[in-house]
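Structure first, commentary second.
The values are calculated or read from the model by the stated rules, or taken from the named source; none is laboratory data. Because the structure is a prediction, the values reported are computed rather than measured. We place every Cβ from the backbone using ideal geometry, glycine too, and count neighbours over all the protein chains shown.
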Number of protein chains: 2
Amino acid sequence: MKPAKFMFENIHQYFLQFLPNLSARAWEPLTELLVVKSYKKGEIISDLGAVNKWVSFIEKGAVIAFDLSDRKKTVYEFFFEHQFTGDYESFLTSRPANYGIEALEDCELYHLHFNSLQKLYERFPEYERIGRLIAEAQFLRVTQKNAKLMGEKPEERYLNLIKEREELIQRVPQYYVASYLGVTPEALSRIRKRLVSK
Amino acid sequence: MKPAKFMFENIHQYFLQFLPNLSARAWEPLTELLVVKSYKKGEIISDLGAVNKWVSFIEKGAVIAFDLSDRKKTVYEFFFEHQFTGDYESFLTSRPANYGIEALEDCELYHLHFNSLQKLYERFPEYERIGRLIAEAQFLRVTQKNAKLMGEKPEERYLNLIKEREELIQRVPQYYVASYLGVTPEALSRIRKRLVSK
DNA sequence: CCTGTTCATTGATCTGGGTCAATAAAGAAA
DNA sequence: TTTCTTTATTGACCCAGATCAATGAACAGG
């Protein structure tokens, strides 16, 4: 394990992105509240169906958020190191999670509990602002994803995925990519075939 | 026009939803900053392509947010009275708006300027919290929309729209509904035909 | 190294939505 | 009312993706 001093460097940077002048006075209490945990590839990090009380910063590794409609695993999103993950919807609403979170690779996560976050909101208005900015950023992410879902056909979505998230294609099995694009593995295979012959 | 005293009742209620103990001290300055304006059916409220500096509360009427990909108007969302509208994405990022806003019916709107809102954030931490809660709510709205886009076929989306937003079907021309569902008007017409024969 | 399992590809067939074109119905304006 | 325009429906044809089934390729465990 890293020396404690540098341990939370990445998550600190993450917050500084949103609030460059985050005070040390507000920052340090957060580190006390984080729960560090490791997961093996394939391990379930957060269960679907239960209320999710945590948001999790990915220090290392990659995870998928998935649901189980039609009895098959449908990929909602991939998350990689130095991002937050978790069923934010369930976290915010205290309703049962629509998504499960599973380790795609060996992972190290820092978990923050809902109650811990509320305490931070109460004690430091700075977190209220970070919370707003992060919620806004999440809104933007989903909005843009939406626009692409509506406007693009599967083939275009795949091309854009290659262009915009090249490494994702490398790190993620193809049938998960297919699911993420909203098509069957067979269809993605054919899309790829069609594209090479162009 | 309504007596000033009751004029902002609806928008006040809207904020109270998010922060029931919003102080009068914080509330009153907001009313000073709102710009009241009326629009005729078909009128453009907010231009696509320009940076959008406003969020707008719909006191009365209905609007659509649309884009113009492929040279045709594509409906992104419908908004009705007692909701906020506007290209929130452009508002947050100061990038050119991807969506235009148009009056579907005669409307009365209360506009709040970006700079006014920033001033409120600085003066009253209460607004920082409301801002966070609203951003979170918007996140939830687009997340749920997303899930439906991915998981449901056009026919199911139409059925759910009837179930969940019945009045929308009444108030909105069918070709806009089709666009909103992500299909052509012809396809929606056939979906409807298929459904009656069931 | 072999073996069983998981993942990817290919083929055959079906279907819902796209597109183009024509008509019908509904609304708006005179 | 009549007329003009906008909106909705229907038909014919095409195509991308779904589904089901079979085969190949890659990979992990022993």
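Taking A:TYR175, is it under 20 Å from the mean Cα position of the chain (by Cα), away from chain B (no Cβ under 14 Å) and part of a helix (DSSP H, G or I)?
It is true that A:TYR175 is under 20 Å from the mean Cα position of the chain (by Cα), away from chain B (no Cβ under 14 Å) and part of a helix (DSSP H, G or I).
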(message) For region B:140-172, give me each residue that is near DNA strand C (Cβ under 8 Å from one of its atoms) and away from chain A (no Cβ under 14 Å).
(response) B:GLU155
(message) Tell me yes or no: at least one residue of region B:27-47 is surrounded by 18 or more Cβ atoms within 10 Å (Cβ to Cβ) and at positive phi.
(response) no
(message) Restricting to region A:178-193, name every residue that is more than 7 Å from DNA strand C (Cβ to nearest atom) and either more than 19 Å from A:THR74 (Cβ to Cβ) or not in a helix (DSSP H, G or I) (or both).
(response) A:GLY182, A:VAL183, A:THR184
(message) Anything in region B:110-128 that is in a helix (DSSP H, G or I) and of a type outside the set (Phe, Trp, Tyr)? List them, or say none.
(response) B:ASN115, B:SER116, B:LEU117, B:GLN118, B:LYS119, B:LEU120, B:GLU122, B:ARG123, B:PRO125, B:GLU126, B:GLU128
(request) Could you please find all residues in region B:129-172 being within 11 Å of DNA strand D (Cβ to nearest atom) and under 15 Å from the mean Cα position of the chain (by Cα)? (result) B:VAL172
(request) Give the residues of region B:44-57 that are in contact (Cβ under 8 Å) with a residue 60 or more places away in the chain and assigned to a loop (DSSP other than H, G, I, E, B), sorted by residue number. (result) B:LYS53
(message) If I filter region B:113-120 for residues that are at pLDDT below 95 and over 25 Å from B:GLU167 (Cβ atoms), do I get at least one hit?
(response) no
(message) Suppose we filter region B:110-134 for residues that are more than 14 Å from chain A (Cβ to nearest Cβ) and of a type in the set (S, T, N, Q); how many remain?
(response) 2
(message) For the structure I just gave you, tell me whether A:LEU149 is within 30 Å of B:TYR180 (Cβ to Cβ) and at pLDDT below 95.
(response) yes
